[in-house]
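Here the structure is laid out as structure tokens; the discussion comes afterwards.
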Amino acid sequence: FFVEFIRQNKLHDFIMDYQRWFCKAGETIVKAGDEGAEAFIIIDGCAEVRIPEKNTVLATLEPGEMFGELALITGEKRSADVVAKTDLQMMVMTKETFLKRFVEDSNKALTLMRMISKRSQSMIMNLKYGHLAKEDALAD
């Protein structure tokens with residue numbers, strides 16, 4: 001019964017499309033300059049998005065957040081490091097699966113575009129106000 005239920009609800013395809021990865025705190029998951037072959041969704045734990053040359057943390061990612069998708073969409077190399085801030089559990093999908101999922105469902109694609117836009121705005125604000133906060137501290 002359960003197997004049939006899974007098949008009818010496409011959960012089987014969903015489960016088969018993802019791998020589960022585990023990382024220890026401090027482990028680098030994605031390195032700037034690498035080719036993008038997969039996207040990640042955090043299940044448990046936190047990770048930091050870092051610019052390695054500047055030793056700057058752009059964002060902290062929490063459960064439910066995705067990363068690595070930009071390189072899959074643009075075909076460009078990874079633009080930042082992502083490092084496990086805590087022990088981490090993630091679901092990982094290949095580029096092929098990622099693109100298939102979003103091409104087949106325009107609602108998922110729109111949700112992804114909104115998520116990327118919000119994250120980009122947040123990072124810009126963090127950089128802008130983080131930079132201003134440092135300048136203000138130096139002026140005092």
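The values are calculated or read from the model by the stated rules, or taken from the named source; none is laboratory data. Keep in mind that this is a model prediction, so the values were computed, not measured. Here the Cβ positions follow ideal geometry from the backbone for every residue, glycine too, while neighbour counts run over all protein chains shown.
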Item to check | Of all residues making up segment 52-79, the number that are modelled with pLDDT of 90 or more, β-branched (Val, Ile, Thr) and either outside any strand (DSSP E or B) or out of contact with any strand residue (DSSP E or B) (no Cβ under 6 Å at 6 or more places or on another chain) (or both) | outcome: 0
Next on the checklist: Testing GLY36 on (1) farther than 16 Å from ASP17 by Cα; (2) at pLDDT 85 or above; (3) surrounded by fewer than 19 Cβ atoms within 10 Å (Cβ to Cβ), one condition comes back false. Which one is that?
Outcome noted: (3)
Item to check | Residue list for segment 81-121, restricted to those being within 18 Å of GLN19 (Cβ to Cβ), not hydroxyl-bearing (Ser, Thr, Tyr) and not in a helix (DSSP H, G or I) | outcome: VAL82, ALA84, ASP87, LEU88, GLN89, MET90, MET91, VAL92, MET93
